[in-house]
1. At a Förster distance of 30 Å, what's the computed FRET efficiency of L145 paired with T212, Cβ-Cβ distance as r, to 0.05?
2. So how much slack lies between A153 and S122, counting 0.36 nm per residue of separation and subtracting their Cα-Cα distance, in nm?
3. Using alpha-carbon positions, what is the distance between the centroids of the stretch 132-149 and the stretch 91-127, in Å?
4. So which lysines can K201 reach, going by Cα to Cα under 20 Å and dropping same-chain residues fewer than 8 places off?
5. So, by mean Cβ neighbours within 10 angstrom, what's the order for 127-140, 83-96 with the highest one leading?
6. Taking all pairs of different Cα atoms in the stretch 85-211, averaging 1/r and flipping that mean, what Kirkwood radius in angstroms comes out?
7. Could you give the nm distance between label points at N138 and E97, where each point is 7 Å from its Cα heading toward the beta carbon?
8. Between T130 and R76, take the C-beta separation as r, use R0 = 35 Å, and let me know the FRET efficiency to the nearest 0.05.
Amino acid sequence: MVSITIDPSLLTHRTWPSNPRRRQESRLAVTLSAVKLTTNELAIIPSAVAAIAIIGGYFGVRSANSNALNLAREERQARRTYELTELKREVYFRCLEVLNELEIATLLASINAGTSPSGHASAGLLERKTKAYVAALNASGQLKLFGPPKVIALMNDVMVIASRATPTSFTDPSQASPFNVAQAQLIGAMVASLEGREITKEVLDAAVSVATAGLTTQAEPNQPDSPAD
């Protein structure tokens, strides 16, 4: 505890200035000049100052560490989001790739079976179709690990359609085949998923419209000109 000793002689028998402000300053100067600290008390002052500095430094370092931790947490979360998006892209591309191969293999096997005397496709084409179907199943399994339920459902639908494709599905060149329509919906759902948008019916319909924009409805046959009167 700091003790203060004031010499009474400094406060008596003194003529103070008539100005109130200067008189107050003079009394304060006299009071401060009368303060006397012991040797032990003077030795405590550096330790007290050092303790205050240590405490202030502790809180400063703690605040800096907290900010650095928050920044590291945000960076880690952003990196995980980016890695998940890239993984989705790879799996989505793989799904579309194997679905196309499955449809082609199914069509080739169907055409070959139609021209074969036995009514069955060749062993090579059947093997190709089987491998394509297995690859589609594996891709669908990867998709189920993180894909949205709507994308998974559309993937299964397209896989079933692709495994049942026949040449009769393409008899009308002005109309999109069932596989093309289902594939367009799947692509629309995948794009919406990557962009963080909700997969709605409007999104799927818009994707089909874009995919079938190049198809034109067959024109009606020209009617013969009416005979002139």
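Only the coordinates and a few stated rules stand behind these numbers; no lab work does. Since the structure is predicted, the reported quantities are computational estimates derived from the model, not experimental observations. Neighbour counts run over all protein chains shown; Cβ positions are idealised from the backbone, glycine included.
1. 0.45
2. Gain on stretching A153 to S122: 8.0 nm.
3. So the two Cα centres are separated by 19 Å.
4. K150
5. Packing proxy ranking, top to bottom: 127-140, 83-96.
6. Hydrodynamic radius (Kirkwood, Cα pairs) of the stretch 85-211 is 15.3 Å.
7. 1.1 nm
8. 0.20
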